Amino acid sequence: KLLGLISKIFLTNKEGFGDVGNGIYGSGYQIYAMLLTISSIGVPNAISKLISEKVAVDDYKGAHRIFRIALVTFGLIGLTGTLSLFFGALVIANAIEVPEAMLSLQVLSPSITFVTVAAVLRGYFNGLDKVSVTAKSQSLEQVFKTLITILAVEFIGMGTGLNTTLMAAGANLATTLSVTLSFLYIIMYYRSFR
């Protein structure tokens with residue numbers, strides 16, 4: 001929460017960003033959050049419950065089968081959300097009456113797939129009583145998001161003469177990059193754990 005507050009304070013006070021930049025950034029992020037909710041809400045808890053039930057009766061193959069099915073299913077759901085957001089960005093941006101948010105929506109779109117698949121992995125590890133993996137991945141994600149947001153907005157601001165639309169897209173790109181890095185951490189842990 002503290003790191004999120006730092007990036008919000010930075011964005012609000014960044015020259016050339018201000019209210020307009022926050023409006024563009026927030027518009028894109030709200031659509032992303034809605035699609036994310038549809039594609040992955042409750043997934044970690046549901047997967048965790050199913051996995052722990054199988055593990056409790058020493059059915060590790062069954063637990064892994066549930067994991068694989070969930071991974072494919074929610075991977076496809078996430079990919080559908082990603083493609084819908086990327087190719088529908090212009091339509092959505094015009095529908096919410098913030099056409100400047102189109103680029104922000106497009107840079108956020110890959111996050112949906114990564115977050116959805118990561119939700120399955122987190123549920124899997126929670127079901128195996130490896131809760132620290134989830135905690136570490138979420139902490140890393142927030143640290144990366146704060147750092148990348150500040151760096152991206154600063155560099156884009158310097159390189160474009162404080163173009164608000166591009167700085168807002170850069171702030172949203174930070175979300176995608178941090179989610180991707182968090183996802184890679186979980187994948188590396190999974191590979192070593194397996």
Extension gain (nm, one decimal) between VAL91 and LYS130, 0.36 nm per residue minus Cα-Cα: 9.9 nm
Candidate aspartates and glutamates for bridging to LYS8, where Cα separation is under 13 Å - those fewer than 8 sequence places away on the same chain excluded: ASP19
Cβ-defined net charge surrounding ILE156, 13 Å radius [Lys, Arg +1; Asp, Glu -1]: -1
0 to 90° range, to nearest 10: angle between helix 18-40 axis and the chain longest Cα axis: 20 degrees
At 0.890 mPa s and 25 °C, Stokes D of segment 142-194 from Kirkwood alpha-carbon radius, µm² per second: 207 µm²/s
Ellipsoid semi-axes in whole angstrom, largest first, where each is sqrt(5λ) of the Cα gyration tensor of the chain: 34, 18, 12
The chain, relative contact order [Cα under 8 Å, separation at least 6], %: 30 percent
Kirkwood Rh and Cα Rg combined as Rg over Rh, evaluated for segment 15-57: 1.40
Cα-based reach from LYS49 at 19 Å (exclusive), listing aspartates and glutamates while leaving out same-chain residues under 8 positions away: ASP58, ASP59, ASP129
Mean ellipticity per residue at 222 nm, deg cm²/dmol - from DSSP H runs of n ≥ 4 across the chain, formula -39500 (n - 2.57): -30500 deg cm²/dmol
Leading residue at positive end of dipole, the chain (Cβ point charges), from VAL20, VAL179, ILE51: ILE51
Whichever aspartates and glutamates have a C-alpha closer than 13 Å to that of LYS14, once near sequence neighbours (fewer than 8 apart) are set aside: GLU154
Ordering of 83-90, 129-136 by burial proxy (mean other Cβ atoms within 10 Å per residue, highest first): 83-90, 129-136
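Read-outs throughout are calculated quantities, based only on the coordinates presented, and are distinct from any laboratory measurement. Computed from a prediction, not measured in an experiment: that's the story for all the values here. Because the Cβ atoms are built from the backbone with ideal geometry, glycine has one as well, and the counts that use them run over all protein chains shown.
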